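To start, the structure itself, in structure tokens.
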Amino acid sequence: MYDTVRFAGLEIKNPFIAASGCFGYGWEFPALSEKFGAVVAKTITVKPREGNSPPRIFEVPGGVINRVGLQNCGLKNFAEKHLPRLKKIGTTVIVSIFGENFRQWAELIGTLEKEVAALELNLSCPNLNKQILTKNPEKCGNIVEKLRKLTDKPLIAKINAVDSPAAVSSLLSDRGIDAIVCSNTIPARVELNGRIYKGGLSGRLIKNFVLKAIREIRKKSDVPIAACGGIRGLKDVDDYRKAGADVFVLGSVLLRQPDILPLEKNIDSEGDIV
């Protein structure tokens with residue numbers, strides 16, 4: 001039904017990718033995961049992370065705000081318990097990673113590179129109570145340049161649509177990145193019972209931000225682009241393709257409609273909030 005495509009040096013069976021975190025570690029829903037051209041496992045860190053305390057997910061008109069905080073089991077547990085199962089699903093496996101320093105980035109790559117098709121560098125998570133890495137393009141560039149020397153596997157940078165995406169993408173491409181995912185969730189906040197919670201916004205609300213960013217990236221660089229933000233139907237895919245995207249990442253829509261593929265049978269309807 002879908003044609004095989006090339007992305008970041010990989011040949012994947014269709015142009016749809018399941019976003020990091022939306023199918024857990026990637027193997028828990030094999031009948032759904034295997035429909036995608038590739039699945040990105042949730043972000044893995046060297047040490048286990050409990051993430052933020054509840055509440056962590058807020059449904060808002062037009063989207064979802066999450067402040068999960070990169071909860072994960074840590075590199076050792078992931079490599080021993082989850083990765084063997086993940087490799088058995090019938091699709092391309094990509095793992096998202098995040099390091100607090102170069103040593104951690106290097107350890108993650110050294111452990112995972114031989115086991116996965118590609119590595120996605122989470123450079124733009126808004127849920128860590130730290131400065132988002134893409135706000136400092138030169139720092140991002142230095143990270144990518146150093147990591148590029150450690151592996152021949154494709155490195156994919158996940159950026160957001162609001163922190164100078166064209167300039168960041170161009171710089172990272174020059175430093176050795178193989179592809180760009182745009183966009184990560186966009187920094188946002190929500191008030192509940194008199195408290196302010198900061199998190200990342202995804203869903204329908206961010207589509208126009210991402211479209212603008214992808215057009216700007218494509219004007220400055222020929223780096224492969226994965227569009228991520230508000231995709232619910234073929235019209236969204238067509239809009240992103242015209243803007244310059246090569247493949248299409250489905251994210252928060254999977255929280256409501258995990259069986260969305262094949263997309264021809266699931267044209268978006270007015271009123272869906274994701």
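Brief remarks on what is shown
- Relative exposure of Asp174, Asp236, Asp222, judged by other C-beta atoms within 10 Å (fewest first): Asp222, Asp174, Asp236
- For the chain, the mean residue ellipticity at 222 nm estimated from helices alone is -7000 deg cm²/dmol, where every DSSP H run of n ≥ 4 contributes -39500 (n - 2.57) and the total is divided by all residues, rounded to the nearest 500.
- Range in the chain, longest, excluding exposed GluC sites (Glu not before Pro) [loop by DSSP; at most 10 other beta-carbon atoms within 10 Å]: 51-269
- Here the spin labels are modelled as points 7 Å beyond Cα on the Cα-Cβ line, and at Lys146 and Lys47 they lie 1.8 nm apart.
- Fluctuation leader among Leu70, Leu83, Leu192 - the chain, Gaussian network, Cα springs under 10 angstrom: Leu192
- Over 24 Å apart at the Cα level, from the set Lys130/Lys220; Lys42/Lys198; Lys158/Lys207; Lys13/Lys242; Lys13/Lys47; Lys114/Lys146, are Lys130/Lys220; Lys13/Lys47.
- Sorting Ile12, Ile57 by the number of Cβ atoms found within 10 Å of their own Cβ, with the fewest placed first, yields Ile57, Ile12.
- Result for the chain in a Gaussian network model with C-alpha springs under 10 Å: among Ser221, Ser53, Ser33, the largest mean-square fluctuation is at Ser53.
- Each Cα pair under 8 Å and six or more residues apart adds its sequence gap; the mean of these over the residue count of the chain is a relative contact order of 19 percent.
- Derived scalar couplings between HN and Hα for region 157-168 equal 9, 9, 10, 10, 8, 10, 9, 6, x, 5, 5, 4 Hz in order, rounded to whole Hz, by the Karplus curve 6.51 cos²θ - 1.76 cosθ + 1.60 (θ = phi - 60°), x for Gly and Pro.
- P(r) tail, region 1-136: Cα-Cα pairs separated by more than 18 Å, 57% of all pairs.
- The GNM of the chain, with springs linking C-alpha atoms under 10 angstrom apart, assigns the highest mean-square fluctuation among Tyr25, Tyr197, Tyr240 to Tyr197.
- Label-point separation in nm, Asn208 to Arg103, each point 7 Å along Cα→Cβ: 4.7 nm
- In loop segments of region 70-138 as defined by DSSP, the trypsin sites (Lys or Arg not before Pro) with at most 12 further C-beta atoms inside 10 Å of their C-beta are Lys88, Lys114, Lys130.
- Cα pair count fraction exceeding 21 Å, expressed as % - region 71-138: 29 percent
- Length gained when the stretch Lys242-Glu115 is fully extended (0.36 nm per residue, less Cα-Cα span): 42.3 nm
- Antiparallel bridge percentage (DSSP; both residues within region 140-204; nearest 5): 65 percent
Where a number appears in this text, it was derived from the coordinates with a stated rule and is not lab data. As the structure is a computational prediction, the values presented were derived from the model and not from experiment. Cβ: placed from backbone, ideal geometry, glycine included. Neighbour counts: every protein chain shown.
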